[in-house]
Amino acid sequence: MALQDKYKELVDAAKASGVTNLQVREQDNVLYIDGEAASFDIKDQLWAIYDKIDPDYRAADLVLNVTVAASAAPQEYEVVKGDNLTKIGKKFGMGWKEIYEANKDRIKDSDLIQVGWKLKIPRG
């Protein structure tokens, strides 16, 4: 029960954020937290709380196994000759800016994309 007290903030945040199929169990001095988050942001928030409680992850007393719902995962699109962000956006029913924002790590100039790049297409 001591581990559930130690990680209470994390468990409470998982419940409050709507993590589905949430299972919390303690076994052999390890707390297991399993479930499915609706978005990567929720998963990242949970990891941030874990990082706050055990900054170096040295305690080795928690297994955080929270996956992200498949419907939240971005699609991938490979750029072909003649593409631009506007054309790609129209194919997926969204504006070019949404694709640009999802790919800022790769796209430095929204007017310059290259054939063969694999771009993340956010899901609505």
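Answer yes or no as to whether residue 57 is in contact with a strand residue (DSSP E or B) (Cβ under 7 Å, 6 or more places away or on another chain) and not charged (D, E, K, R). Here the answer is no, as residue 57 does not meet what is asked. Scanning for something over 30 Å from residue 116 (Cα atoms) and either assigned to a helix (DSSP H, G or I) or β-branched (Val, Ile, Thr) (or both), does region 69-91 turn up at least one residue? Scanning region 69-91, I find no residue that is over 30 Å from residue 116 (Cα atoms) and either assigned to a helix (DSSP H, G or I) or β-branched (Val, Ile, Thr) (or both), so the answer is no. With respect to residue 41, determine if the residue is among the charged types (D, E, K, R) and closer than 15 Å to residue 6 by Cβ. No: the conditions fail for residue 41.
Among the residues of region 72-106, the ones that are free of Cβ contacts under 8 Å to residues at least 12 places away in the same chain, over 25 Å from residue 42 (Cα atoms) and surrounded by 11 or more Cβ atoms within 10 Å (Cβ to Cβ) come to 4 in all. Evaluation of residue 111 against the conditions (1) acidic (Asp, Glu); (2) assigned by TED's automatic domain parsing to the domain that holds residue 21; (3) loosely packed, with under 13 Cβ neighbours inside 10 Å shows that the sole unmet condition is (2).
Consider residue 24 carefully, then state whether it is in the same structural domain as residue 64 (by TED's automatic domain parsing), in a helix (DSSP H, G or I), surrounded by 13 or more Cβ atoms within 10 Å (Cβ to Cβ) and touching a strand residue (DSSP E or B) at 6+ places or on another chain (Cβ under 6 Å). Criteria not met by residue 24. Mind checking whether some residue in region 51-61 is within 30 Å of residue 115 (Cβ to Cβ) and either of a type in the set (S, T, N, Q) or not in a strand (DSSP E or B) (or both)? Checked region 51-61: no residue is within 30 Å of residue 115 (Cβ to Cβ) and either of a type in the set (S, T, N, Q) or not in a strand (DSSP E or B) (or both). Assess whether residue 59 counts as being under 19 Å from residue 14 (Cβ atoms), more than 23 Å from the chain's Cα centre (by Cα) and of a type outside the set (D, E, K, R). Against the criterion (under 19 Å from residue 14 (Cβ atoms), more than 23 Å from the chain's Cα centre (by Cα) and of a type outside the set (D, E, K, R)), residue 59 qualifies. Determine whether residue 23 is closer than 27 Å to residue 2 by Cβ and at pLDDT 95 or above. So residue 23 fits the description; yes.
The values are calculated or read from the model by the stated rules, or taken from the named source; none is laboratory data. Just so you know, these numbers come straight off a predicted model, no measurement behind them. Here the Cβ is made from the backbone with ideal geometry for all residues, glycine too, and neighbour counts use every protein chain on show.
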